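Encoded as structure tokens, the structure appears first; notes follow it.
The values are calculated or read from the model by the stated rules, or taken from the named source; none is laboratory data. On a predicted model such as this, the values are computed, not experimentally measured, just so you know. Note: areas computed on protein heavy atoms with side chains; ligands, DNA, RNA excluded. Shrake-Rupley method; radii C 1.70, N 1.55, O 1.52, S 1.80 Å.
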Amino acid sequence: MTSHTRLLLPLALLFAATATGCKVEVKEPAAARVDCGTPGPHGVDCQVVRTGGPGAFEACWDLEISCQNNGVMTGASCHQVADGVPSGTQNMPVASFRNTEACDVPTSGQVRNLKITPRG
């Protein structure tokens, strides 16, 4: 089979399926971003915002907080977002962070390792 044939065959099958009344549905995968606020005495509130795709999903991430004295504390969290819901908020309590004793004053945070898992 030539490369030209390999390209045209899937297109021909797609056309045949739609021409005969078969419904072809392409679903965009769920996508999201996580925005975390300023750390406070009760921890950090992070907002999970849907940026694409339908359906329920779970977002999991790590949050690294840099400190004025060059210390870094880290925590991890997850939040489930239901089908059709645009966003949700997850609190990351102070007790959920590691290395808090090395941090004098939090200065900035970075979300890392964001993983989106469809739920269903």
Where V44, V85 fall by accessible area, highest first, once all protein chains stay in place (1.4 Å): V85, V44
Backbone HN-Hα couplings from phi across region 53-63 [Karplus 6.51/-1.76/1.60, Hz, Gly and Pro as x]: x, x, x, 6, 8, 10, 9, 10, 7, 10, 10
